[in-house]
Every structure is written in C-alpha cells, then in structure tokens.
Amino acid sequence: MATYLSPCSSSSTSSTPSSFKNETPQFSKFITLLREAHSSSRWVSQICLRTPARKHFQLKSSNGHPLNAVSVNDAGSPVGKEQTEPRGKVFPISDSENVESKLSITVVGASGDLAKKKIFPALFALYYEDCLPENFIVFGYARTEMTDEELRNVISTTLTCRIDQRENCEEKMDQFLKRCFYHAGQYNSEEHFAELDSKLKEKEAGSKANRLFYLSIPPNIFVDVVRCASVRASSANGWTRVIVEKPFGRDSESSAQLTKCLKHYLTEDQIFRIDHYLGKELVENLSVLRFSNLVFEPVWSRNYIRNVQLIFSEDFGTEGRGGYFDKYGIIRDIMQNHLLQILALFAMETPVSLDAEDIRNEKVKVLRSMRPLLLEDVVVGQYKGHSKGGKSYPAYIDDPTVPKDSRTPTFAAAALFIDNARWDGVPFLMKAGKALHTKRAEIRVQFRHVPGNLYKRNFGTDLDKATNELVLRVQPDEAIYLKINNKVPGLGMRLDRSDLNLLYRSRYPAEIPDAYERLLLDAIEGERRLFIRSDELDAAWALFTPLLKQLDGKKIVPELYPYGSRGPIGPHYLAAKHNVRWGDLGDDE
C-alpha cells in the first residue's frame, strides 16, 4: 500500500490513510435501516446491540434520552459529513458484537492542570455515581516520565466524594485509581502511540474496544496527536471519538485550517469540540425554561423584550497564564465561544426535536443572521495596578510573561444584533472581563415598559425601576429570578420591586454536577447536542474575525481600569447609546 504525507501534519513522518474512519471490521455483515423521511436519526436500545448496560445506569443524557440508548450514527461505520449523509443507515452485525465491550479513555496531556483539576475528577465523579460502563479503563498520556503509581498519586489529591459522603468513598476511590494507567510519549511520535495501543489492547483483552481521546493540550499540537492516534491507536472493532478543547483557532482562517486538518483523519461525527459553559446547569436549563413553560415562549421576542445582556466577570487576573492569554485576549477567550454559544441557544427558534442536529441547525441560523460587528459598538479595556485595603494588585503588563506594550484586552463589551423577524432591533449586549470586583456569569432579559402604565407616577422619573427583568445566574449560586413590581403592604399606594426567586441551593440541596461530568458522559454516549459543529464554528468566527482584524490593524489602545473595579467607563456609554442600562449595577445579591 502506498504511503502519503499529510499536508496538515507538522511532522515529516509518512503515514497510511486514516484508520479512525475505519471503525468496523471488513467481515462485518450489514443491514440497512431505512430512515423515515422526516426523521434525522433513529434511537435503538443497546440491548438490541448485545452491549451490556450497567445496572445502576439510571441517569439520562443531556437530551433526555435514557443512557442505555445510542444513536444509529454510532452503531456502525461513521457517516461522512452531514450534508452527504445517506438516507439509509448501514448497521453492522459482526462477530465482535458478541464480545463484551470495554471503554478506554485516554487523557492526552495528563500532566497538565486541566487534566488534574477537571478531567480526572469528573471521570471519578461519574464512576462514583455509577454512570460509567462496568468495563472501563483510563490512560494518561503526556511527555512527562511517570509510572502508573505516580499518576495515581498525582490525581488522588484532586479526587473528592463531593456529591455526598457515603461510607464507601475511599473504597470507590481505590477502585477508580486501580483502573488508571500511564504511558509517556511524544505527541508527534507514531511509535509512542503504537506503544500506547499495545497497552490498551492488553487491558481490553480481546473485548470490543470503544476509545475516547481527550485532547487536553495546546492547539498547535492537536493535528499531530490526531494523526498519530489515527494511524496507530484507533479502535479496530468499535468507535473512536476525540474531544477537542478550545481555542479552535484565532480567526476564521486558522479555524478553517484546523478543521480541515482534523477532518483529514476524522469524520465530523467523531470530533467533539467542547465548550464547558454549554454543560453548566443553568445553560442547560435555558431551553427547558423557554420551551416547557407556556408563560415564557409567547414573550420571547422583540415584541416584549427590550434587550438581552450576557455578563461574565472574574475577580482575578491572568496570574500564572499571562503568556497564553496574551495570544488570545478576552474576546477570543470568552466572547467568541462561551457567550456567543449562550446567545445562540437563547435566541434560536424552536427546534424540530431535541436531536443534536436539529438544535445545532437552529443555532447556526441565529449565528448566520447576526449583523456584522462594528468597531463603534465595541469597547475594550485592560486592568492596571491598584492598591486596596493595604494590598497591592498587579497590572496586566506587570506579568513577566506579558510584553510591556501589550494591547491585549482583558475586558470587552459589545452590542450585537440579530437581523431576523423575532429579534429585529433588539440589542444583545455582552461584556466580559478579568480582575473585576466580583465573579459572575449571568443572562439578563429586560422586558419592555408597560404601555400606558397606570402606576408610572409611582416610579418617578426612573422608568427602569418599572422594568420586569428575568435573570439566569449561571455562577456562582445558580439561580433563576424574575423581578416584578408589587404593592407594599399597608395604607396608601407604595410600589416595590421584588424577586420571584428560584435559588438552586435552597430548592435542590444536592450538589450540582460539574460541567465536565455532563460533557464527558455525553461524549461517551455519543450525544452531540452540547458540542460545537464545524459550521457553527465557522459562523462564530465569521462574526468576530473582521472586528479582531480592525482592533489589530488600527492598534486600538484599551481603556485602563483598576484591578478589582467594575471595569472601564466605556461600556456605560455603549449601553446608553442603545438606550440600555446594565442590569448588574448595584445588583450583587
């Protein structure tokens, strides 16, 4: 067989064509399931596939389907791009299906902070709650030389039985650690990935192998890892999936190139682009709130909503990661992905179903309907040093890994518009920043004033006090509350603004799962609803890339603001320009 050199690989090693795309053995027998014309996918029980389900599998995946259900898309050969997907489904029935399956999870970049602080703890939490299959193993892969026992010692310090304090916590932790192994290797070495494959096969012991790779590594080595794993460590008789962490490029061109290179080795259905904000409980609840409550959907439009605000703030700077942050800035780091994804979920039309493709189709329509971002509708800032309470806080450029003349924004605010019938003329205001006075992430929906309000004189000249406002607080202290006007008890007519409040910690005392737990579980189950499709990514970058080029080309100097403040003054002028007042002013409940 002829070999070839991938144009997307940064390595000079030649390779055979991708084996990620050949997930089923050649001797498989196939039958065709004809899809109904109106249906985009068919769900079948794993019992029919002779795949053993765990007895304690009682949770549901994020689209509401039972966790012992899989999509036909995952049951056989991976389909190609969505646009060329055949109407008939090819379903393998092979001898390997009579063999017990095993799940192998490989965390690439296992020695990094993300793996130690988020991924391994999330996997343990899923195991602790009996949400993983009976037969699974976890491998760490990184350049750092380490033994299995050393890896277990490292990650054991981050594992907690935080969900509840059952007596078998230590026992479960020991059982989980015994399933964790390590292999050291270079990220661009096919030989080292072949060694990993041998270790995986040894642990899989002839089982039908399903393999999940989590790329917790810098984006410049994504393609090398995917190439090596594709050629040397993909599953021969089960599925292979890859979770990719942001950033997905720096602009439209680099993102498109990354997507092209990944698709050289993977199909779209095998790529799980993770945005952990989509796994947060309140973001998940956004569509439930809207589509399952009659009171909200009729008013979810320009007819009743005056503006929408998406607010993100952190009360710390870039300590420890200034060099990385300086390459991207707050717009690429937060606005282009986290906040824009939330906006798309908020503003989308009612999808045909809860199927991943139906939901992502609607999100793409929103992104493609957005008006190009104008420089005059954007404000950028950067935090400066500040002393408060006898303590000094450093400026962004005081970080030794940041250039002294850096113009990278640590704060940004923008006014966006969606040019469609539902949202025409409604400003969607975003702001995100670091080193601010509080940690907060929320969605604020301000409704229009009551026409001919009989009680307007009771509010004086401040009509904003009469505005109903719906707030979804994503973090901290998850809550949903609606600001309404009511009469204060007593003689006379005095009005007050009160909250109808659903505070999660009061209503639901159980600990809320971490976003990574939900997203890892969905990736294992093949549920793609909370992951970003390539055309979503293209539409998101198409919106922000012209703005980013203008900021760089015109060398816009960010407005300085003190560390620990509410940010620069500019966003208040921006809001006033669109007849909006930021809802978080003086609202620190």
>> Please list, ordered by residue number, the strands (runs of 3 or more DSSP E) wholly in the range 65-160 having 2 or more residues that are open to solvent by less than 50 Å² (accessible area, probe 1.4 Å), at pLDDT 90 or above and of a type outside the set (Lys, Arg).
In response: 101-108, 136-142
>> Restricting to the range 545-587, give me the number of residues that are surrounded by fewer than 13 Cβ atoms within 10 Å (Cβ to Cβ) and within 26 Å of the chain's Cα centre (by Cα).
In response: 1
>> ASN501 - would you say it is of a type outside the set (A, V, I, L, M, F, W, C) and either surrounded by 12 or more Cβ atoms within 10 Å (Cβ to Cβ) or in contact (Cβ under 8 Å) with a residue 40 or more places away in the chain (or both)?
In response: yes
> Can you name the number of the only condition in (1) crowded, with 22+ Cβ neighbours inside 10 Å; (2) at negative phi that GLY329 fails?
Replying inline: (2)
>> I'd like the full set of residues that are charged (D, E, K, R) and more than 22 Å from PHE325 (Cβ to Cβ), limited to the range 202-249.
In response: GLU202, LYS203, GLU204, LYS208, ARG211, ASP224, ARG227, ARG232, ARG241
> Residue check: is ALA542 open to solvent by 40 Å² or more (accessible area, probe 1.4 Å), small (Gly, Ala, Ser) and either within 30 Å of LEU258 (Cα to Cα) or in contact (Cβ under 8 Å) with a residue 12 or more places away in the chain (or both)?
Replying inline: yes
> When you go through ALA233, ALA209, ALA205 one by one, which is the residue that is within 22 Å of ARG179 (Cα to Cα) and open to solvent by 20 Å² or more (accessible area, probe 1.4 Å)?
Replying inline: ALA205
> Considering only residues of the range 161-187 that are hydrophobic (A, V, I, L, M, F, W, C) and within 26 Å of ALA205 (Cβ to Cβ), which is modelled with the lowest pLDDT?
Replying inline: MET173
>> Tell me the residue from ASP477, ASP462 that is at pLDDT below 85 and closer than 30 Å to LYS388 by Cα, please.
In response: ASP477
>> Show me the strands (runs of 3 or more DSSP E) entirely contained within the range 361-456 in which 1 or more residues are open to solvent by less than 10 Å² (accessible area, probe 1.4 Å).
In response: 378-384, 411-416, 428-433, 440-447
> Is it fair to say ASN293 is more than 20 Å from ARG241 (Cα to Cα) and in contact (Cβ under 8 Å) with a residue 12 or more places away in the chain?
Replying inline: no
> Within the range 545-581, which residues are within 22 Å of ARG306 (Cβ to Cβ) and among the hydrophobic types (A, V, I, L, M, F, W, C)?
Replying inline: LEU574, ALA575, ALA576, VAL580
> Does the range 505-522 include one or more residues that are open to solvent by less than 20 Å² (accessible area, probe 1.4 Å) and either touching an Asp or Glu at 6+ places or on another chain (Cβ under 7 Å) or farther than 30 Å from CYS161 by Cβ (or both)?
Replying inline: no
> If the Cβ limit is 7 Å and pairs must be 6+ apart or interchain, which residue in the range 452-477 that is closer than 20 Å to LEU339 by Cβ pairs with which residue that is small (Gly, Ala, Ser) and modelled with pLDDT of 70 or more?
Replying inline: GLU469/GLY583; ARG473/ALA479; VAL474/ALA441; GLN475/ALA441
> Would it be correct to say that VAL242 is under 25 Å from ARG533 (Cβ atoms) and open to solvent by less than 30 Å² (accessible area, probe 1.4 Å)?
Replying inline: yes
> Is it the case that some residue within the range 326-334 is modelled with pLDDT under 90 and not in a loop (DSSP other than H, G, I, E, B)?
Replying inline: no
>> Please pick out the residue among PHE312, PHE316, PHE346 that is closer than 22 Å to LEU585 by Cβ and open to solvent by 80 Å² or more (accessible area, probe 1.4 Å).
In response: PHE316
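The values are calculated or read from the model by the stated rules, or taken from the named source; none is laboratory data. Note that the structure is a prediction, hence the values are computed from the model and not measured. Note that we place each Cβ from the backbone using ideal geometry, even for glycine, and neighbour counts take in every protein chain shown. Heavy atoms of the whole protein, side chains included, go into the accessibility calculation; ligands, DNA and RNA do not. Shrake-Rupley method; radii C 1.70, N 1.55, O 1.52, S 1.80 Å.
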